[in-house]
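The values are calculated or read from the model by the stated rules, or taken from the named source; none is laboratory data. No experiment lies behind these values; they were computed from the predicted model shown. Using ideal geometry, Cβ is built from the backbone for each residue, glycine included, and neighbour counts are taken over all protein chains shown.
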Amino acid sequence: MDWNDQAILLSARPYGETAALALVLTRDHGRHAGLLHGAQSARHRALLEPGNLLAAGWRARLADQLGTWSLELERAYAAPLLDDPLRLACLASACALLDGLLADREPHPGLFDATLALFEALSTEVWAEIYVRWEVGLLEEVGFGLDLSRCAVSGRSAQDLFTGNDGLSHVSPRTGRAVSISAAEPYKDKLLPLPPFLLGLSDGGPAEVMRGLTLTGHFLDRSAFAQRHAEVPAARARFVERYGRTHGLLADVG
């Protein structure tokens with residue numbers, strides 16, 4: 001059995017003396033593992049950078065076997081970021097989250113395209129805001145989506161609340177549902193701040209990005225990874241810490 005697909009390299013580790021076990025996210029075949037023989041060669045080492053976009057061929061005698069890769073580089077997204085540790089850490093965080101959350105061989109074509117769009121956006125000034133939106137989409141994809149469409153208490157839509165100057169301002173840490181300004185007031189200390197840029201009400205900025213990372217981080221930790229009895233990858237924690245330090249902010253921005 002064999003197939004060809006586009007793939008984003010998520011991780012690779014040595015396997016035996018000369019091979020590597022490479023895990024990728026493919027457009028049509030989902031998160032997929034395989035062996036790359038000769039991985040210690042200079043040519044192949046250049047392929048095995050997380051975030052690389054690859055032309056991937058997978059082959060095995062039976063569908064449930066590990067299989068082997070043939071890989072060709074289409075685009076190296078990490079290489080242009082080597083002089084920008086913060087954006088490189090963002091790319092590493094995205095790859096680690098995909099590697100840790102996605103089930104094997106379940107297609108996620110929309111998420112694949114969104115991840116490539118994120119990597120393209122790393123060269124823009126709004127990359128951090130786009131990354132937070134990407135994490136919101138990832139939570140949705142794995143079954144823990146946030147409901148930012150209406151107030152969980154009153155049931156009024158976000159549009160109605162906006163026109164009445166009582167917009168959505170917080171999110172329940174238990175349900176992931178948004179709460180309006182007036183409904184949140186008695187419980188603000190127990191709720192997660194909702195950054196306005198996620199509602200299209202501002203351009204964002206570092207403080208709002210940190211609030212967004214705190215929001216998505218809560219549900220990544222307490223819901224998505226907890227269900228898998230796993231911890232949020234260290235690469236994500238390193239990115240958040242580096243982003244906060246770069247901008248003089250703490251992860252828990254109130």
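The figures follow:
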| item | result |
| --- | --- |
| Residues being of a type in the set (A, V, I, L, M, F, W, C), in a loop (DSSP other than H, G, I, E, B) and under 24 Å from residue 111 (Cα atoms) - total across segment 20-69 | 3 |
| Scope segment 102-143; condition crowded, with 19+ Cβ neighbours inside 10 Å, part of a loop (DSSP other than H, G, I, E, B) and not β-branched (Val, Ile, Thr); matching residues | 102, 108, 122 |
| Count of residues meeting criterion [in contact (Cβ under 8 Å) with a residue 60 or more places away in the chain and assigned to a loop (DSSP other than H, G, I, E, B)] in segment 206-231 | 2 |
| Any pair with Cβ under 9 angstrom, 6 or more apart, that starts in segment 161-175 at a residue that is over 16 Å from residue 189 (Cα atoms) and ends at one that is among the basic types (Lys, Arg) and modelled with pLDDT of 90 or more | 161/150 |
| Selected residue (criterion: nearest to the chain's Cα centre (by Cα)) from residues of segment 173-207 that are under 16 Å from residue 160 (Cα atoms) and either hydrophobic (A, V, I, L, M, F, W, C) or modelled with pLDDT of 95 or more (or both) | 199 |
| Selection within segment 1-34 - over 25 Å from the mean Cα position of the chain (by Cα) and without any contact (Cβ under 8 Å) to a residue 60 or more places away in the chain | 2, 3, 15, 16, 17, 18, 19 |
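Yes/no per residue for (1) of a type in the set (Val, Ile, Thr); (2) on the phi < 0 side of the Ramachandran plot; (3) surrounded by 14 or more Cβ atoms within 10 Å (Cβ to Cβ):
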site	(1), (2), (3)
171	yes, yes, yes
185	no, yes, no
196	no, yes, yes
202	no, yes, no
210	no, yes, yes
219	no, yes, yes
222	no, yes, yes
244	no, yes, yes
